[in-house]
């Protein structure tokens, strides 16, 4: 009998102590996610992309534990723990530490119907949802400390480096999903904003708004149950993508509302967050970080155009989606103050 693979093992409902009726596998470029009836098990892939390194079991263990620790700040009721998986004969066993081969993150399964992205898609998202979310996140971010390590990510040298990297990595897409004129306009505006607002960026550091944040706060990472709000899947693998101004996280979600043609819901979210947190200066940075977040999404989508495994239809869809993000960033730049 040939030993089964760990992925095949985790795809079998009989492998789990709770014996779900079925298990559905979803995978990204960095993880396998096994969705049962009531629980979700997430396993990291042994990959190294430079900005992310899960190449060894010890690194996967560390980042799985980090994913649990960091996301527990946002949704302690969702993140249950990290479990070892050991080999047993030709198969495996979850929760055993006698011959550990991997570690898996255990989470409570959330309602697909109440995902904020689904509420948007079905037209059920309302200002009340966004007001409730804004006030909830004001409490969550208010509990996160701004220490010396966090404050270093608020320096203009660091922020400017991230901005310059975006443009350096997307120059090849001029004349494709972004026009040369739009590229130049976004780059010039972003650079000028930083130069003209040095005092504002320094005040954000002094006032404690630079924190260990979420880093990937968009509609697909929020569940709006009637009695709870769950925010999940923050970035655990790279501090540079997660640490920064709280305004950047808030702008990310507001930008996602704009991208999905519901700007009034983004406005309701920002207003509720500002009222609950008292962070009025966030509004002075909102457009800057909306431009930044839209441009990052455009960049990441543009990278798909270089994927040799993408067929013509996939490449066309990636081009059009990237173009929409670039266009959104450009429209922000063209707004009157």
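Annotations
- Elements of type helices (runs of 4 or more DSSP H) contained in region 139-224, each with 1 or more residues being in the same structural domain as residue 120 (by TED's automatic domain parsing) and closer than 27 Å to residue 327 by Cα: 156-168, 180-196, 198-206
- Residues (under 27 Å from the mean Cα position of the chain (by Cα) and at positive phi) located in region 1-50: 50
- Odd one out for residue 28 among (1) touching a strand residue (DSSP E or B) at 6+ places or on another chain (Cβ under 7 Å); (2) under 19 Å from residue 235 (Cα atoms): (1)
- Wholly within region 1-109, strands (runs of 3 or more DSSP E) carrying at least 3 residues that are within 24 Å of residue 217 (Cβ to Cβ): 31-35, 39-44, 79-88, 100-108
- Residue 326 being modelled with pLDDT of 95 or more, assigned to a helix (DSSP H, G or I), in contact with a strand residue (DSSP E or B) (Cβ under 7 Å, 6 or more places away or on another chain) and assigned by TED's automatic domain parsing to the domain that holds residue 204: yes
- In this entry, residue 265 is excluded by the filter for residues that are surrounded by fewer than 17 Cβ atoms within 10 Å (Cβ to Cβ) and out of contact with any strand residue (DSSP E or B) (no Cβ under 9 Å at 6 or more places or on another chain).
The values are calculated or read from the model by the stated rules, or taken from the named source; none is laboratory data. On a predicted model such as this, the values are computed, not experimentally measured, just so you know. Please note: Cβ atoms are built from the backbone with ideal geometry, for glycine as well, and neighbour counts cover all protein chains shown.
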